[in-house]
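Structure record follows, encoded as structure tokens.
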Amino acid sequence: MSRYAMLLAPSANRVYADQASRMSQAELAAFQPVLSSELSEIGVAEIGGVEYVTFTAELSARDIAFISNLSSAYALFELVEGDLLRPIGLNPLARYDSDLITIPKYAGKTNEQFTKLVLNLTLLGSASADKMLDGHLTVLDPLCGRGTTLNQALMYGYDALGIEIDGKDVEAYKLFLQTWLKRKRLKHTADLVPVRRQGRRAARRLEVTMAASKDDHKAGAVQKLTVLHADTTGLEGLIRGNVADVIVADLPYGVAHGSYDDAGGISRRPLDLLERAVPEWMPLLRPGGAIGLSWNTKVARREQAEDILLAAGLELVEYGYLEHRVDQGIERDVVVAWKRP
């Protein structure tokens, strides 16, 4: 067995960076089911004054391709003769330039590394885990905001589906994505069309098709992105069932962001939203699919979130300790549950 050292990428968010090592160890362990070699002795070591996440394994080329997508991976080395480092090339899924994810800046945007971590954990907790490298998956974010999760899905080569109640966010995302695609000179179409239910206009839908190159476009290797401007708690008749391999959502934190309650007012209780929304999401999730959620534990206990998912017939996926501080008012955690086929 060989010993490896993973250098973690720096984060623009200092608070998140301080906790990245612990979370990366839990995320790395989550890759175990798709690897051909057993991961052991996962820990942290300081080498030459720099901190690394270390582990023991015998990695194949496909194993390296999987862990190249660790959300905070920056460089991988094999440890030889003590503390000498032999570089191992990483080849993460990166269908587009990274500025698809890094350019958008706005209040309430989720840290990009954390978004990738939650998507990874959800994929790895689903029946589609071994297809992670092969594309042809669909990611649904039913609280998509301005599209951070959707953009990460596109980076992976997947199709993406979002739902967002705020029309301004949908318009802003459409403007950003169209501008970015034009600047990159990528073949695409983008249309915002009305959606009718029982003969009445019930929502608007942003429909985008895009390809990473002209050759892909000619070959029909296009990705599809759809964003529905609608209430995630009232989706009946707006989206066909069994459409998503995974569902990933960052629930309102109850500080700067809330959600609408049944009376049309603003609720600061994310579990109220989750309880009303999960029954709408379940028909959209394919058998074997998984739901991954993040939320603020200062306004909602983990046990309560788990109970809602269990009541919907899902089974919890056990991961390592992922709770972490975001700021003075937010302690964030992650829960993943899957839908048995």
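What about Glu38, is it exposed (fewer than 12 other Cβ atoms within 10 Å of the Cβ), assigned to a loop (DSSP other than H, G, I, E, B) and touching a strand residue (DSSP E or B) at 6+ places or on another chain (Cβ under 8 Å)? Write out each step before concluding.
On the way: exposed (fewer than 12 other Cβ atoms within 10 Å of the Cβ): yes; assigned to a loop (DSSP other than H, G, I, E, B): yes; touching a strand residue (DSSP E or B) at 6+ places or on another chain (Cβ under 8 Å): yes.
Taking the combined requirement at face value, the residue satisfies it.
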By residue number, the members of the range 11-53 that are more than 17 Å from Leu70 (Cα to Cα) and among the basic types (Lys, Arg) are Arg14
Inset, instruction - Report yes if some residue within the range 131-138 is surrounded by 23 or more Cβ atoms within 10 Å (Cβ to Cβ), farther than 23 Å from Ile163 by Cβ and modelled with pLDDT under 95; otherwise report no. - result: no
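Could you look through the range 148-176, keep only residues that are assigned to a strand (DSSP E or B) and among the small types (Gly, Ala, Ser), and pick out the one that is nearest to Gly135 (Cα to Cα)? Walk me through it before giving the result.
To start, the set of residues in the range 148-176 that are assigned to a strand (DSSP E or B) comprises 159-164.
In the following step, the residues that additionally are among the small types (Gly, Ala, Ser) were identified as 160, 162.
Values: Ala160: 12, Gly162: 18 Å.
The qualifying residue nearest to Gly135 (Cα to Cα) is Ala160.
In the range 9-35, how many are assigned to a loop (DSSP other than H, G, I, E, B) and either in the same structural domain as Leu124 (by TED's automatic domain parsing) or over 19 Å from Thr122 (Cβ atoms) (or both)?
Within the range 9-35, the first condition is being assigned to a loop (DSSP other than H, G, I, E, B), and the residues that meet it are 9-13, 31, 35.
Add one more test, that the residue is either in the same structural domain as Leu124 (by TED's automatic domain parsing) or over 19 Å from Thr122 (Cβ atoms) (or both), and what stays is 9-13.
Matching residues across the range 9-35 total 5.
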Picking from Thr226, Thr232, Thr179, Thr209, the residue that is in contact with a Pro (Cβ under 8 Å, 6 or more places away or on another chain), of a type in the set (Ser, Thr, Tyr) and either surrounded by fewer than 16 Cβ atoms within 10 Å (Cβ to Cβ) or outside any helix (DSSP H, G or I) (or both) would be Thr232
Reported set for the range 104-130 where residues are among the aliphatic types (A, V, I, L, M) and either touching a Ser or Thr at 6+ places or on another chain (Cβ under 6 Å) or modelled with pLDDT of 95 or more (or both) is Leu117, Val118, Leu119, Leu121, Leu123, Leu124, Ala127, Ala129
Within the range 311-334, the residues that are crowded, with 16+ Cβ neighbours inside 10 Å and either assigned to a loop (DSSP other than H, G, I, E, B) or not assigned by TED's automatic domain parsing to the domain that holds Asn120 (or both) are Ala312, Leu314, Tyr319, Leu322
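Only one of Leu124, Leu186, Leu161 is assigned by TED's automatic domain parsing to the domain that holds Thr233 and closer than 20 Å to Leu28 by Cα; which?
Values: Leu186 fails: closer than 20 Å to Leu28 by Cα; Leu161 fails: closer than 20 Å to Leu28 by Cα.
Going through Leu124, Leu186, Leu161 in turn, just one is assigned by TED's automatic domain parsing to the domain that holds Thr233 and closer than 20 Å to Leu28 by Cα: Leu124.
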Condition set among the hydrophobic types (A, V, I, L, M, F, W, C) and more than 15 Å from the chain's Cα centre (by Cα), scope the range 134-170, selection farthest from Trp281 (Cα to Cα): answer is Val170
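Taking the range 36-51 as the search range and keeping residues that are hydroxyl-bearing (Ser, Thr, Tyr) and modelled with pLDDT of 95 or more, which one is farthest from Leu90 (Cα to Cα)? Steps first, please.
Of the range 36-51, the ones hydroxyl-bearing (Ser, Thr, Tyr) are 36-37, 40.
Now narrow it down to the ones that are modelled with pLDDT of 95 or more: 36, 40.
Working: Ser36: 17, Ser40: 20 Å.
Looking at the filtered set, the residue picked out is Ser40.
The values are calculated or read from the model by the stated rules, or taken from the named source; none is laboratory data. Keep in mind it's a predicted model, so treat the numbers as computed, not measured. Neighbour counts are summed over all protein chains in view; Cβ atoms, including those assigned to glycine, are modelled from backbone coordinates with ideal geometry.
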